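Heads up: the structure comes next, in C-alpha cells.
The values are calculated or read from the model by the stated rules, or taken from the named source; none is laboratory data. For clarity, every value in this text was computed on a predicted model and none was experimentally measured. Here the Cβ is made from the backbone with ideal geometry for all residues, glycine too, and neighbour counts use every protein chain on show.
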Amino acid sequence: MTKQELLRYENEDFSWSTELEQNLKNAFQLSKFRPLQLKAINLSMSGKDLFLVMPTGRGKSLCYQLPAVCSEGFTLIVTPLVSLMEDQLMYLKSIGVEAVSLNASSSKEHAKMVLAGMTDTKSLFKLLYVTPEKIAKSKLLMSRLEKAYNAGRLSRIAVDEVHCCSQWGHDFRPDYKLLGILKRQFPKVPLLGLTATATSSVLKDCQKILCVPEPITLTASFNRTNLYYEVLLKDSNSDDSIRDISALIKERYKDQSGIVYVFSQKDAETVSADLQKKGINAYPYHANMNPEDKSRVHRKWANNKIQVVVATVAFGMGIDKSDVRFVIHHTISKSIENYYQESGRAGRDDKPADCIVYFGFNDIFRISTMVVMENVGQQKLLTMVDYCQNVDRCRRSVIAVHFDEVWDNEGCNKMCDVCRRDYITVDITQHAKDVVQILELAGSLDEKLTPLKVTEAWMGKGPAKRRKMIQTTTLSRLEVEAIITSLLLQGYLGEDFSFTPYTTYFYLKLGRKAPMLKNQSHSIAMKMRRTGLEANTVSTTQQTVQKSFRKGMIHVSGSHVNS
Ligand code: ADP
Ligand code: MG
Ligand code: ZN
C-alpha cells in the first residue's frame, strides 16, 4: 500500500467510525486516539493483516481491544505471559468489557465454559486471551476455533509481543514458532501482530513464521523526546559506581521513583544491600525470589512505598508505572533492543526522566561469555557496546538507526550527553600497533590473552621479561580500556572463546582488520571527550573527574567519578 492510500485510514468516515468513537469515550473512557491508533484500528477493521510497532506504554492494546468491542463474535489474543493476561482481564473487567482467558492454570469448569462460549451466539465475551502453549498443545481449543471460524465468530487474531516468534528478536519463545497454524487454518481472519521492539529483519522473520503473506507495517517513532540519555564510565575494579549511583539517587533523584538494572541475581542482592546501607529505600527483584516476595516488591514500588527496585531483567514485561524518573543500568544490557526496552520504563508520563548506563570494560566480557551460545549474541552485544563507546553520534541517533528509523538531527534537542559536550578526534594508530604487537607476541608463544592480560601487558604490569619486548603505555587504565574497546568494535581485534565444563573464557585475538596496520599509510581515529570543556554533567563530583582525566593524554567519553 502506498503512503497516499494509507492516509485514507486516518479518516473517520468508515461505517464503523461512529461506533468506535462512542466506545472509545464510553467504554474505554478515553478522550482521543494517540498517534497511529486510529490508522491501525481502521486497517484492522478493514480486514487487513497488520504489524504494529510502537514503543511500550503507547497504547498498542487498544488497537485490538476497541475493534473487538465493535465487531461480531470474539477476538483471539495470544499473549506470552499469564501475568500480562491477568492485568488486561482486570482492566477490561473494570471498564465493563467481557473478556476471558485460557492458560495452564485455568480450571476444568472454566475451560469448559470458555470453549462452549466460543461457538455460542448468545455468549457475551469479546476477547479471548490464550498463551501460545494452548494453541500449540490443545487440540480441543483448535477444534473449537475452527467451529467458531466456520460460524463467522472469530473476528480477529492479535499476537501480542509478536517479536517472540523470531530467534533474532530479544525474547524468543519456542511456542510462538508454531503460531503459523492460525493463519493457515483461518486465512480470512485479519491478524494483528504487536511489538515494541522489532527491526525490519525480525519483522520479516515473524511474517514468515506467522504465514501472513503481505502485512502492512505501521511503525511509531522510537524517539522518546522526554528521556535524557547518558553513559558514564565504570571502573570495573572498584565500588565507585555504587557510590556514584547512591549519590545520584540521594541528591538528584531525591524522593523520586526509579529502577537500577543489574547483571545477575547476586548483583541484585548486593547492590540493593549496598544502597540500603547508604540509607536508600531499595529492594532487590529477580527471578529466583518467591512469587509473593516479587509481587510485594512490585506492589510497594508501584505505590511509592519503595523508592528503588534493584532488578535483573526479570523485572520487565507488565511493569507499567508512569512516574519513573530514572532508570540506571549498573551494567550494560546485552543488546540495544534490551536497553531501549529497559530504559524505556522511565518517563511514561511524558515528563522528563533520565536513562543512565554505567559502562565498564570487564562487563563487556562478562556478558559476552554469557551470550556466547545465542545466535548473533555477540553481534547484538556489540551494538550495545557501540552505543556506549562511540561519542561521534548522538545516542538517540544510534537507537533510531538500530530500529531502521530515518534520523533527523533535530530530534535530540541536546537530550543526550553526546549532544551536550565537545569532542576531539585523536589518532590512535600507534596505540593500535602496540596492542597488535602484544597479541602477536603472545601468539608466537602460543599463549592466549584475556582482555585483562592485554590491558596489564600494555600498561607494563606484565611479566618483566615480556615488558622488554613490547611498547608499553603511560595512558590511564580507562583510556587503555577505551582504546581496546574501540579496536574491538572496529574489527582490529576479535573475540576468541574457550570452553571448560565450568566456565567460558574470553580471549582477545587479532581481528580481520589487523593486517591493515602493516600498511604505513593506514590510520585509525577515535573521537573522545575534550578536557575541561564539559557542559552540564550529571555527576556531583565532576571536578574530581576532570582532574583525573587531565592527567592522561587523551580523554574518553562519559564522566567517571574517581576520587
Ligand atoms: P503497550 O501495549 O503499547 O505497551 P498499553 O496498551 O498497555 O501499551 O497501554 C499503556 C497505557 O496507555 C494504558 O494505561 C492505556 O490505558 C493508556 N492508553 C492507551 N491509549 C490511550 C489513549 N488514546 N489516550 C490515553 N491513554 C491511553
Ligand atoms: Mg502491550
Ligand atoms: Zn543527542
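Points worth noting:
- Pair list, Cβ < 7 Å and 6+ apart or interchain, from segment 47-63 residues that are at positive phi and more than 6 Å from ligand 1 (Cβ to nearest atom) to residues that are part of a loop (DSSP other than H, G, I, E, B) and modelled with pLDDT of 95 or more: 47/190
- Qualifying residue in segment 122-140 (condition: touching a Cys at 6+ places or on another chain (Cβ under 7 Å) and surrounded by fewer than 23 Cβ atoms within 10 Å (Cβ to Cβ)): no
- Against the conditions (1) among the charged types (D, E, K, R); (2) modelled with pLDDT under 95; (3) away from ligand 1 (no atom under 11 Å from the Cβ), residue 39 satisfies every one except (2).
- Yes/no for residue 276 being modelled with pLDDT of 95 or more, over 26 Å from the mean Cα position of the chain (by Cα) and surrounded by 15 or more Cβ atoms within 10 Å (Cβ to Cβ): yes
For (1) more than 19 Å from the chain's Cα centre (by Cα); (2) among the basic types (Lys, Arg), each residue gets a yes or a no:
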site: 263; (1), (2): no, no
site: 268; (1), (2): no, no
site: 280; (1), (2): yes, no
site: 285; (1), (2): no, no
site: 290; (1), (2): yes, no
site: 296; (1), (2): yes, yes
site: 319; (1), (2): no, no
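- Test: residue in segment 216-226 that is at pLDDT 95 or above and among the basic types (Lys, Arg): no
- Contact map, segment 297-311: first residue more than 16 Å from residue 254 (Cα to Cα), second residue surrounded by 18 or more Cβ atoms within 10 Å (Cβ to Cβ) and among the basic types (Lys, Arg), Cβ cut-off under 7 Å, separation 6 or more or different chains; pairs are 302/321.
- Of the residues making up segment 3-35, those that are within 12 Å of ligand 1 (Cβ to nearest atom) and either farther than 16 Å from residue 71 by Cα or not assigned by the TED database to the domain that holds residue 96 (or both) are 25, 29, 30, 31, 32, 33, 34, 35.
- All helices (runs of 4 or more DSSP H) inside segment 428-520 with 2 or more residues being exposed (fewer than 13 other Cβ atoms within 10 Å of the Cβ) and at pLDDT below 95: 464-467
- Residue count, segment 213-257 (criterion: in contact with a Cys (Cβ under 8 Å, 6 or more places away or on another chain) and of a type in the set (A, V, I, L, M)): 2
- Qualifying residues in segment 42-94 (those that are within 14 Å of ligand 2 (Cβ to nearest atom) and among the charged types (D, E, K, R)) - the one farthest from residue 340 (Cα to Cα): 86
- Boolean, residue 115 is surrounded by 15 or more Cβ atoms within 10 Å (Cβ to Cβ), part of a helix (DSSP H, G or I), assigned by the TED database to the domain that holds residue 95 and without any contact (Cβ under 8 Å) to a residue 40 or more places away in the chain: yes
- Some residue of segment 396-405 being among the acidic types (Asp, Glu) and part of a strand (DSSP E or B): no
- Residue match in segment 138-153 (condition: at pLDDT 95 or above, out of contact with any His (no Cβ under 6 Å at 6 or more places or on another chain) and within 16 Å of ligand 2 (Cβ to nearest atom)): no
- Residues located in segment 210-237, provided they are in a strand (DSSP E or B) and of a type in the set (Ser, Thr, Tyr): 217, 219, 228, 229
- Pairs linking a residue in segment 230-243 that is under 19 Å from residue 339 (Cβ atoms) to a residue that is among the acidic types (Asp, Glu), with Cβ atoms under 6 Å and 6 or more positions apart or on different chains, are 230/417.
- Residue in segment 191-203 that is under 22 Å from the mean Cα position of the chain (by Cα), assigned by the TED database to the domain that holds residue 332 and modelled with pLDDT of 95 or more present: no
- Reported count of residues in segment 412-447, each being over 27 Å from residue 520 (Cα atoms) and either of a type in the set (Lys, Arg) or touching an Asp or Glu at 6+ places or on another chain (Cβ under 9 Å) (or both), is 7.
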